[in-house]
Every structure is written in structure tokens, then in C-alpha cells.
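Have a look at the structure below, then the notes.
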Amino acid sequence: MKKWFILLFLFSFVFGAEPSWVTNPKKDAKFYYFVGYSEDIDTLANIKDKAFYNAKTKIATSIFEETEVSKIFSTYGNISGDVELQRNYTEEIKSKSTVQLTGVEIEDFYYEEIDDDGLKFYKVWVLAKISKTNFENERNRILAELKRKLELVDKNLELAESELKNGNIIASLDAYYTAALSSIKVKERRDEFVVYISKMTKILQNIQIAPSPDNPKQIDSLNGGNIKFNVLYQNKVPIANAKVNFILRNNKGNISRQAISSSDGIVSCNIESLSDVNNNSLVYARLALDFPELSDLEPEYKTFYNTLLDAVGKVNSSYTFSVISSRNKKLATTVIAVIEEKNSYKIHRNLTSEAQSILISKGYSIKKFPSGIDINDLVEMDKNELSILEQNGIKQALVVVVSGEDPLFNETLNRYIANYNLSLQLIDVASGEIINSKSSRVTVTSATERGISTSFLSVISRELKKLIK
């Protein structure tokens, strides 16, 4: 019963009986007829205008389905081979042509007012007509406009393409970008914009940066070196005048932040010095291109701006290398790690070995700690003990001292806690001068008192790695 009521309710708002042209447009010798449709909750007059625009869109589409359009594209070599570009450009022209269509009249219109549980809206059909003479005139006008536009676009494309064919990749990008900026300054030329941006994107997608096979595997932290990259188009054509930015990772130091590729496509990152000795220092290279003029344009152009930036961001590479220290290798170094116990010092063998391993990884030349040395006097930097080290061919000594208190139980945390003071001194044995000194406070916690001893070495070792550079 409810269904019958809704049907009667809907039909009571129908504007007459549905005319036959809604599903079967009229035909005669003088006019072409097109049916436009729209539905909305707007006013009837506004929805009628939308339906009329829909009919005009169908007229423009009909014109663009003529074979002459594809023929026109085929005469312009710089755009004819790009199907996607043709489609995008055709849609731009078609959209503009719909607005500019003249000689189109409304023959009839039909509407239904719908009430769907209180939501009222209109369905509107418009029967638009255009005389066959006007249709032909509009077709000729649109095609003439298309030819004129393509001639202008083709000239700009020809300039950029000639640079591309000659291997001047950056000049080609500049030519396309200049054309793109020029096109958006004149309202009637804005539909060209997508053509140039599309071409730029495709060029960027074919640019590669690759590390040179001649790059050194090791670089001295003091003397530095050079890391080179090849900038190529389609993996074979060297690109000159390309700006590349460099970023140093997993290390600190002085490096060149930007360089421009030479005529053979080589760009070099000059490394003056590095602070850390390690096996995983990395130079990251990225194409340096920006399009600041596009960032301030209307939102409709921001998408293209982001597309270009995304394409640029994907043109990158990196090179990983080891850093050594020629200075450290020349200076024989010994290591001793001691624990302070009741105003005296006791050698901690495992901690000594750990400190030696850290120094070796930093490029130091390590000599075994000689016997017969008074540890307490050495910690106090007694000259006699230092002279013994010197007699054994040792140039510098790293003394690691750990002092602390007995573990205490913390009732709040329900854990044992022990605090330790960790100090390091790198001593020149000949002069007794302290070359470097660092210290840190370390806390070790455990559920048991015995666990403090178990965790001690790993916690102290981690802190040592932070302090030793």
C-alpha cells in the first residue's frame, strides 16, 4: 500500500507527460537536435541552464568526433605521436569550445519535481537545436581555432624538441618551462599549459643520476676526497649544466652542497674533511630544480606544480664509502680501562677489549698495553710510567676510568640501581699533555643485585661508543 502511495505522489509533480524526444531526439532537414540532462536541488531555472550546457557539450563532442580533428593533429609532428597529450589537449579545447558555442537554441524542455522523503529536487531534460549551417560554421571555427593553437604550440615544441635532440636536456626543460609560463599569462592560451608540463614531466622521468664507478671506496677524514656522479638522459646521454644538491649522511664534515654537471655529465661533490671514522658514510645526490612561479598560481595549477616536484624528487642517487684516519694510523695507541675500588685502580679486561675494538673501528693503530706499569701512577699521569709507554713505541694512551657506588634497592621502582662515573683521557705520552677528555654519568638498573654486574659491561660499552669519536 505504501509503494502505491509514493508512485501517485511522484506523478503528481510531473510537468506533463514525458515527450518522445527525451529518448528519441527529433530529426529534420534544417537542424541537428541534442538532448541535455541535469538533476539537482537547485532552482528550476539554474538546473535548466545546466541541462542546456550539457546539450552544448554534446554538440562540441560531436564536432570533435569529426575525422578532421585527428587529421589536424597528424600534421603537427611534435604532438601527433603522443596519444595522451592529444587527449588532454583535446579535452581542454573541447571544454572551451562548449562555452563559446553560438547559434544553439532551446526547442523544448521537460522536468520532473521529485520529493524523496522530504528531499526535493528537479530532473530536467532540454531539447537543444542548432541549424546545420551554424553547426558547420561552428565546426569550421573550432577547427580553425584548433589549427591556430596547434601551430603556436608546435613552434614552442619544436624549439624545445630541437634542444632535446641535440642533447641539451636542461635547455629543453627551460624552453618548455618558458612556454608554460608564457601560456598562463594570456587567458586564451591557458589550454597550452598542460602540453608543456606533460613534456617536462616525461623528460624528468628519463633523467638518471648514478655514482661514478671510479669513486674511491675509502676517504681520509683529514685529507678528504671527491665523490662523482653521472647525470644522464635515458641512461646514455650525458646531461650538461644540471644542478645537483648533495647531502652528507651518517657523518659530519665540510662538503660542497651543490655543483653543476660538466659537458660530459659529471658532477662532483668535494669533501674537505669528515669528523667520524666509519664504514657507512653516504653522499646523497638529488637533481636541483624548482618552479617557484607555479607555486603562486591558482589551485588548478598547483597539481602540475606538485607533479613536477615529484618527478624531480625521484631523480636521485647515493654513494656509500668508508672513512679512515691517516693520522690515527700513524699514532700507535694503547688502551687501558680500570675500575676504581677503595682508592685504587684495577684493570677491567673486558672493558679494555671493548675500548680497543671501538678505537680499531675508528681507524686507530692499537698496541698492546705493556706489563710492568703501575696502574695507579699511570692514572695520575706519572712521568715515569708514561716514559715506559714511550719506550715501547707508544705515542698516545687512552685511559678509561669507571668509578661508582654499590647498588641500592629502590622501593619505588622495585629495582636495584647503580650509578657510575665514566671518564676518558687521551694522553700524549711524550709530553704528558691531555689531548682530549670526556666524561659521563651512567645508570644501570636490574631486578636483581647480581643483574647489575651482568648489565654493567653492555651499558658502559654503549656509553663508550658515544664518547669515543
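The values are calculated or read from the model by the stated rules, or taken from the named source; none is laboratory data. A quick note: this is a predicted structure, and the numbers were derived from the prediction, not measured. Glycine also receives a Cβ, built like all others from the backbone with ideal geometry; neighbour counts cover every protein chain displayed.
For segment 170-214, which positions are within 21 Å of PHE246 (Cα to Cα) and part of a helix (DSSP H, G or I)? Lay out the reasoning, then the answer.
Of segment 170-214, the ones within 21 Å of PHE246 (Cα to Cα) are 170, 204-214.
Across segment 170-214, the qualifying residues are ILE170, LEU204.
Is it fair to say ARG286 is more than 25 Å from TYR196 (Cβ to Cβ) and under 21 Å from the mean Cα position of the chain (by Cα)? No. Can you find, within segment 409-454, the residue that is farthest from GLU341 (Cα to Cα) among those that are touching a Lys or Arg at 6+ places or on another chain (Cβ under 8 Å) and either assigned to a loop (DSSP other than H, G, I, E, B) or modelled with pLDDT under 90 (or both)? Looking at the filtered set, the residue picked out is ALA430.
Determine which single condition LEU289 fails, assuming it passes every other condition in (1) touching a helix residue (DSSP H, G or I) at 6+ places or on another chain (Cβ under 7 Å); (2) in the same structural domain as ASP428 (by TED's automatic domain parsing). The failed condition is (2).
In summary, GLU411 fulfils each of the numbered conditions (1) surrounded by 15 or more Cβ atoms within 10 Å (Cβ to Cβ); (2) without any contact (Cβ under 8 Å) to a residue 60 or more places away in the chain with the single exception of condition (1).
For ILE360, the test of being out of contact with any helix residue (DSSP H, G or I) (no Cβ under 9 Å at 6 or more places or on another chain) and either without any contact (Cβ under 8 Å) to a residue 60 or more places away in the chain or more than 24 Å from LEU422 (Cα to Cα) (or both) is passed.
With respect to the conditions (1) under 26 Å from LYS165 (Cα atoms); (2) touching a Ser or Thr at 6+ places or on another chain (Cβ under 7 Å); (3) in a strand (DSSP E or B); (4) in contact (Cβ under 8 Å) with a residue 40 or more places away in the chain, ALA240 falls short on a single one, namely (3). For segment 426-443, enumerate the residues that are touching a residue at least 12 places away in the same chain (Cβ under 8 Å) and either loosely packed, with under 12 Cβ neighbours inside 10 Å or within 44 Å of the chain's Cα centre (by Cα) (or both). Of everything in segment 426-443, those that are touching a residue at least 12 places away in the same chain (Cβ under 8 Å) and either loosely packed, with under 12 Cβ neighbours inside 10 Å or within 44 Å of the chain's Cα centre (by Cα) (or both) turn out to be LEU426, ILE435, ASN436, SER437, LYS438, SER439, SER440, ARG441, VAL442, THR443. From the set of residues in segment 309-352 that are loosely packed, with under 14 Cβ neighbours inside 10 Å and not charged (D, E, K, R), which is nearest to ASN279 (Cα to Cα)? Looking at the filtered set, the residue picked out is SER326. When each of GLU272, GLU340 is tested for being of a type in the set (Asp, Glu) and in the same structural domain as ASP374 (by TED's automatic domain parsing), the lone residue that passes is GLU340.
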